[in-house]
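**Student:** Below you will find the structure I want to go over with you.
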Amino acid sequence: MGFIFLWAFLDKTFGLGFSTPAERAWIRGGAPAQGFLKSDAVVGPLQPFFNGLALPVSDVLFMLGMLAIGSAVMLGIGLRVSAVFGTIIMLAMYLAEWPFAANAGSTNPIVDYHIIYALALIVIAAVSAGDTWGYGRAWKRLSIVQRTPWLV
């Protein structure tokens with residue numbers, strides 16, 4: 001699950017040619033979040049709201065989020081905060097694409113990959129998967145994490 005977020009960061013940063021062509025890479029001046037927020041993919045009644053979020057800061061926040069969530073989930077650390085922010089990002093993208101419209105391009109407005117990814121993040125955090133498959137136990141022993149439990 002973490003690699004999905006990390007891959008999004010890598011592909012959008014370097015334009016690896018999968019969802020982001022080389023000429024639209026972030027390192028070449030591309031605008032990953034703004035590009036999405038201004039695209040034809042953003043439809044429905046929330047379109048004006050999401051179009052209004054297309055600011056340069058949205059690129060930085062989105063890319064930092066993809067890197068942080070991907071890295072944290074892969075390492076098994078900070079899973080709760082990763083699940084919260086990852087779920088927010090996934091739900092925002094889900095709502096931006098408004099899958100309820102007949103012509104939205106969605107094959108199923110309920111069982112959508114954005115929702116599946118959000119649920120997977122929540123399950124990973126709820127079962128403390130990082131304690132078994134990562135550095136979660138060591139992370140939880142750090143004094144900064146013990147002093148600020150939201151970092152768990």
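**Student:** What would the Debye formula give as log10 I(q)/I(0) at q = 0.09, 0.10 Å⁻¹ for the alpha-carbon point model of region 2-151, no solvent?
**Tutor:** -0.32, -0.39
**Student:** Once amide H atoms are placed 1.01 Å from N in the peptide plane, what residues at a sequence separation of 5 or more from G30, or on another chain, have their amide H within under 5 Å of its amide H?
**Tutor:** A25
**Student:** How far is helix 79-97 tilted off the main Cα axis of the chain, in degrees rounded to 10, range 0 to 90?
**Tutor:** The two axes meet at around 10 degrees.
**Student:** When only Cα pairs under 8 Å and 6 or more residues apart are kept, what is the percent relative contact order across region 2-151? Display every interim value, and only then the final one.
**Tutor:** Numbers: 188 pairs, mean separation 33.3, N = 150.
In percent, rounded to a whole number, it is 22.
**Student:** Would you calculate a helix-derived [θ] at 222 nm for the chain, using -39,500 (n - 2.57) for each DSSP H run of n ≥ 4 and dividing by the full residue count, to the nearest 500? Walk me through the numbers before you get to the answer.
**Tutor:** Numbers: 9 runs with 94 residues, N = 152.
One gets -18500 deg cm²/dmol as the mean residue ellipticity at 222 nm.
**Student:** Placing +1 at every Lys and Arg Cβ and -1 at every Asp and Glu Cβ, with all other atoms neutral, what dipole size does the chain have around its Cα centre, in debye to the nearest 20?
**Tutor:** Details: 9 positive and 7 negative charges, 120 e Å.
Computed about the Cα centre, the dipole is about 580 debye.
**Student:** What is the mean projected area of the alpha carbon convex hull for region 65-145, to one decimal in square nanometres?
**Tutor:** Details: hull surface 22.6 nm².
The number I arrive at for region 65-145 is 5.6 nm².
**Student:** Still on this structure, please answer the following. If we sort 51-61, 34-44 on the protection proxy, mean other Cβ atoms within 10 Å, highest first, what's the order? List each step's numbers first, then the result.
**Tutor:** Details: 51-61: 14.1, 34-44: 16.5.
For the peptides 51-61, 34-44, the packing ranking is 34-44, 51-61.
**Student:** Would you please give the residues with an amide H less than 5 Å from that of G76, counting only those at least 5 places away or on a separate chain, with H modeled from the backbone geometry?
**Tutor:** Y135
**Student:** Of P21, T107, G65, which is farthest along the charge dipole of region 2-151 in the positive direction, counting Lys and Arg as +1 and Asp and Glu as -1 at C-beta?
**Tutor:** G65
All of the numbers you see were taken from the coordinates with simple rules; none came from a lab. Predicted model only: the values in this text are computed from it and were never measured. No Cβ is skipped: glycine too gets one built from the backbone with ideal geometry, and neighbour counts run over all protein chains shown.
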